[in-house]
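Each remark here refers to the structure printed beneath this line.
The values are calculated or read from the model by the stated rules, or taken from the named source; none is laboratory data. All values reported here derive from a predicted model rather than from experimental measurement. Methodologically, a virtual Cβ is constructed for each residue, glycine included, from the backbone with ideal geometry; neighbour enumeration extends over all protein chains shown. With ligands, DNA and RNA removed, areas are computed over all heavy atoms of the protein, side chains included. Shrake-Rupley method; radii C 1.70, N 1.55, O 1.52, S 1.80 Å.
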Number of protein chains: 2
Amino acid sequence: MITLSRRLDDVRGSAIRDLLTLTARPDVLSLAGGLPAADLLPRERIAEAAAAALTDPASVQYGETAGLGRLRDVVAAHETGRCGRTIGPAGVVVTTGSQQALDLLARVLLDQGDVVVVEDPVYVGALQVFQAAGAALLTVPLDDHGMRVDVLAERLAAGLRPRLVHTVSSFHNPRGVTMADGRRRRLAGLADRYGFLVVEDDPYGLLAFDGPPPVPVAAHGERVVRLGSASKILAPALRVGWLTGPAQVCAAVERLKQCTDLCTSALTQAIAADLLADTTWLDAHLSHVRAVTAGRARAFTTAVAELLPQVMCTVPTGGMFCWLEFPGGTDTTELLPRALAGGVGFVPGSAFAVDARLPDAARCCFASLPSEDLREAVRRLGAAVSRRAPRPFHAGT
Amino acid sequence: MITLSRRLDDVRGSAIRDLLTLTARPDVLSLAGGLPAADLLPRERIAEAAAAALTDPASVQYGETAGLGRLRDVVAAHETGRCGRTIGPAGVVVTTGSQQALDLLARVLLDQGDVVVVEDPVYVGALQVFQAAGAALLTVPLDDHGMRVDVLAERLAAGLRPRLVHTVSSFHNPRGVTMADGRRRRLAGLADRYGFLVVEDDPYGLLAFDGPPPVPVAAHGERVVRLGSASKILAPALRVGWLTGPAQVCAAVERLKQCTDLCTSALTQAIAADLLADTTWLDAHLSHVRAVTAGRARAFTTAVAELLPQVMCTVPTGGMFCWLEFPGGTDTTELLPRALAGGVGFVPGSAFAVDARLPDAARCCFASLPSEDLREAVRRLGAAVSRRAPRPFHAGT
């Protein structure tokens, strides 16, 4: 017998992860995953960049903990443009995916019992990180315009004093919504007034279907730590993410990263730096990804409107996810086995629920399947809904 | 003002890291680093493997948290051979370097105040991880045959009940020594008797200069978690390490890794799997690395014997490090600035000391410099020793 840390008791297992095993069956059209579309990952351009990087001896050696200089430069320039104020390379720490940035942030900022505000429904990876850090979690609901910052403001006025407020500000996972500009400005102001930090988790911001990416919360104040990632715009296997924020936070994150994994791969950082700095290629690549993904989003929502007219569906303006709300009485957790039997997978809303229960909701990823498969997936979902649940078998009595 | 977690207060800053900045000056021959020799990293073979890996769409996507199947297979086969009992792929978790394995292990196994035994002098990366996890640290000294397991046994008999005992069993960093076989057997037996886990941190085991690598502690018992790494045998930039151990520990580590960085790079794992499975190439590569490194070790120790006859020096039988003990009265922390001024860097023993003070010791890495530079480095070290320390300036009185 080996005794494990009590820390782990507080971390919710990922229902999504168990589910992904089921939806990996070849006969299942999966809307459950959160993976970028395989056909949109620029594998050949990455191979070119890898070959170029590997002419440099530094590409196979240990690197600086804070990250490769030229990657920090290109991220700093990008964030300066996004936020409308100068962010220098010293304000950037490269992490092993932005999930590591979340984990390091939680560990450097939180002591046992510190209050963290999360959105409900929540990005499960953030929930787990804050649970592992021993945080006391409070939730704020979302509506079609993102986090209900007015609800947060009321709670702050009533005495709530969080250390962190976490938000997936743009093209929310799982809810599909984007925080309105006015709310962003107000959230940054509340952070200044009440002394908390906003963690603006933004892996999807560059996947806006129309027009420029949303102006970050970090454009409106300095008590914001922004997390970015190459996973959804270049490729997940680079495991390259980054964090920008106050110098004191960057220094602490860098110090903890040193004993957490020493540094992120110099090779995959060099590949990411090459692709992000090649703006002609990057613009064309992102335009293509956005156009294809927008087409898939349209195909999915059109199919839902036609084939599941009773279901409410967010209208995605970017990102990868759509949130469905079934009419009262449908329990999506009960629906799921019938859906899988009928060849379609999704994630029940309850997997993302913290205080809310969300029994009638589902997260669907429209990014990974071609349009014709999305339509067929919706058709199968409709069939599962209309099929009657099997009557429970009562032995004897 | 941003308040940071109290966790960080317990983590020792790495003096080595600050030092590496100084020793990076082009006029300094550095014995301070712990980097594998750049000229021995198989960059061209890695480029071949990268090109091959990138023909597979899976190489750019997210992967399973526990690691790439074929990498776990090859590690399991290797560990089965090393340990003399069957270790299946399910008993392997791939990590982002073995430093991440240490961090995850500490977090899944330790609660605040749990007792951890470390060697003194210690691998600083392990010390930091256990400090970050809030462990109560106790030390056991080392001698020329590795950890003084007899001292540990006495303390256990007297009531000590650690959760973990950490050891760099082979070619110790920083001490250069290897734990004797009898001690390994005894340590595994103590783990069974007293119910603790041994963390056998073994990045250097395959770098044995003569004969086969040492038989692992894990060959003698099942309460051992073994950590391995591609960093010292292939390349650090792959950021590929692994952990083998009891199923319960592997499952917990995998679960925490999920919310720590989701997965290690599928691309660098594919490269590592390719190189480790190519046994003809690997054997030739490791033979070459061992032969060159053994030659450097000989050049270094020969130069020390000739040019610093008053200094005691471990005779390295593998790995990368040599431990020097200067005659009484020499303080290596005071010696360092004079050495740097004279163009040679090393790490003072005090950087690795926990309870011991070790003022007269120094860690020297012989692996990274060609033999002629090593001789020159020792000559400069000798000059720094014989140069008189500048007399302190006393103003007025």
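Taking every pair of alpha-carbon atoms in the protein assembly as shown, give the share separated by more than 43 Å as a whole percent.
More than 43 Å apart: 31 percent of the Cα pairs in the protein assembly as shown.
Using the Karplus curve 6.51 cos²θ - 1.76 cosθ + 1.60 with θ = phi - 60°, work out ³J(HN,Hα) for each residue of segment B:318-328 in order, rounded to whole Hz, and write x for Gly and Pro.
Per-residue couplings from phi come out as x, x, 10, 10, 10, 10, 9, 10, 7, x, x Hz.
Any idea how far the Cα center of segment A:140-206 sits from the one of segment A:95-111, in Å?
The distance from the Cα centre of segment A:140-206 to that of segment A:95-111 comes to 19 Å.
So, in nm, how far is label A:ARG17 from label B:GLU334 when the simple model puts each one 7 Å beyond its Cα toward the Cβ?
5.4
In percent, what relative contact order does chain A have, based on Cα pairs under 8 Å that are 6 or more apart in sequence?
Once normalised by length, the contact order is 22 percent.
Tell me the distances, shortest first, between A:THR55 and the same position across the other copies, using label points 7 Å along Cα→Cβ, in nm to one decimal.
Its label point is 2.3 nm from the equivalent points in the other copies.
Provide the net charge surrounding A:ARG70, with neighbours chosen by a C-beta distance below 14 Å and charges set as Lys +1, Arg +1, Asp -1, Glu -1.
With Lys, Arg at +1 and Asp, Glu at -1, the neighbours total -4.
Specify the residue with the greatest mean-square fluctuation among A:LEU256, A:LEU275, A:LEU324, computed from a Gaussian network of chain A linking alpha-carbon atoms under 10 Å apart.
In the Gaussian network model the winner is A:LEU256.
Taking amide hydrogens as modeled 1.01 Å from N in the peptide plane, which residues meet the under 5 Å criterion relative to A:THR95, leaving out close sequence neighbours?
A:GLY241, A:TRP242, A:LEU243
Among the DSSP beta bridges whose two residues both lie in the protein assembly as shown, what percent are antiparallel, rounded to the nearest 5?
Percent antiparallel among DSSP bridges in the protein assembly as shown is about 55.
Quick one: 3J(HN,Hα) in Hz for segment B:281-295, Karplus 6.51/-1.76/1.60 with θ = phi - 60°, rounded, Gly and Pro as x.
Whole-Hz 3J(HN,Hα) from phi for segment B:281-295: 4, 4, 4, 5, 4, 5, 4, 5, 4, 4, 5, 5, 5, 4, x.
222 nm [θ] for the protein assembly as shown, helices only, -39500 (n - 2.57) per DSSP H run of 4+, per residue, to 500?
So the calculated ellipticity at 222 nm is -13000 deg cm²/dmol.
Report, for chain B, the % of DSSP beta bridges that are antiparallel, rounded to 5.
55
Taking amide hydrogens as modeled 1.01 Å from N in the peptide plane, which residues meet the under 5 Å criterion relative to B:ASP120, leaving out close sequence neighbours?
B:VAL140, B:LEU142
If you count, for each residue, the other Cβ atoms within 10 Å and average over each peptide, how do A:38-47, A:154-163, A:139-148 line up from highest to lowest?
A:139-148, A:38-47, A:154-163
In a GNM of chain B with a 10 Å cut-off on Cα contacts, which of B:CYS322, B:CYS364, B:CYS250 has the highest mean-square fluctuation?
Judging by the Gaussian network model, the answer is B:CYS250.
Kindly report the accessible area of the protein assembly as shown per residue (heavy atoms of protein chains, probe 1.4 Å, no ligands, DNA or RNA), in Å².
Value returned for the protein assembly as shown: 37 Å² of accessible area per residue.
Please compute the net charge surrounding A:ALA237, taking Lys and Arg as +1 and Asp and Glu as -1 over other residues with Cβ under 13 Å from its Cβ.
Net local charge, A:ALA237 excluded: +1.
Once a ≥ b ≥ c are taken as the square roots of the eigenvalues of the Cα gyration tensor of segment A:180-309, is the result rounded (a/c under 1.5), prolate (a/b larger than b/c) or oblate (a/b not larger than b/c)?
oblate
Please tell me the relative contact order of segment A:50-278 in percent, rounded to the nearest whole number, where contacts are Cα pairs under 8 Å and at least six residues apart.
28
Peptide A:101-112: average number of partner chain Cβ atoms within 10 Å per residue?
Mean number of neighbouring Cβ atoms from other chains: 4.
Using the crude model of +1 on Lys and Arg Cβ and -1 on Asp and Glu Cβ, and no other charge, please compute the dipole size for segment B:57-277 relative to its Cα centre, in debye to 20.
Using only the charged Cβ atoms, the result is roughly 260 debye.
For segment B:62-145, what does the alpha-carbon gyration tensor say about shape, rounded, prolate or oblate, given a ≥ b ≥ c as the root eigenvalues, a/c under 1.5 as rounded, and a/b over b/c as prolate?
Oblate is the answer for segment B:62-145, as a/c is 1.5 or above yet b/c matches or exceeds a/b.
Evaluate segment A:199-263: find the radius of gyration of its Cα atoms, find its Kirkwood radius, and give the ratio Rg to Rh.
Radius of gyration over Kirkwood radius for segment A:199-263 works out to 1.02.
Rounded to whole Hz and in sequence order, give me ³J(HN,Hα) for segment A:120-126 from the Karplus expression 6.51 cos²θ - 1.76 cosθ + 1.60, θ = phi - 60°, writing x for Gly and Pro.
10, x, 10, 5, 4, x, 6
Convert 25 °C to kelvin, take the viscosity as 0.890 mPa s, use the Kirkwood radius over C-alpha pairs of segment B:57-277 as Rh, and evaluate the Stokes-Einstein diffusion coefficient in µm²/s, rounded to a whole number.
141
Specify the residue with the greatest mean-square fluctuation among B:VAL151, B:VAL344, B:VAL289, computed from a Gaussian network of chain B linking alpha-carbon atoms under 10 Å apart.
Result for chain B, Cα springs under 10 Å: B:VAL151 fluctuates most.
Averaged across B:245-255, how many Cβ atoms of other chains sit within 10 Å of each residue's Cβ atom?
Mean number of neighbouring Cβ atoms from other chains: 2.
How much of the DSSP beta bridge set in segment A:50-278 is antiparallel, as a percent to the nearest 5?
Counting DSSP beta bridges with both partners in segment A:50-278, the antiparallel share is about 40 percent.
Would you mind computing the Rg to Rh ratio of chain A from its alpha-carbon coordinates, Kirkwood style for Rh?
Rg/Rh for chain A comes to 0.98.
What average count of beta carbons from other chains do you get within 10 Å of the Cβ of residues in A:45-56?
Across A:45-56, the average partner-chain Cβ count within 10 Å equals 4.
Around A:ASP360, what is the net charge, scoring Lys/Arg as +1 and Asp/Glu as -1 over all other residues with Cβ under 13 Å from its Cβ?
Charge balance in the 13 Å sphere: -1.
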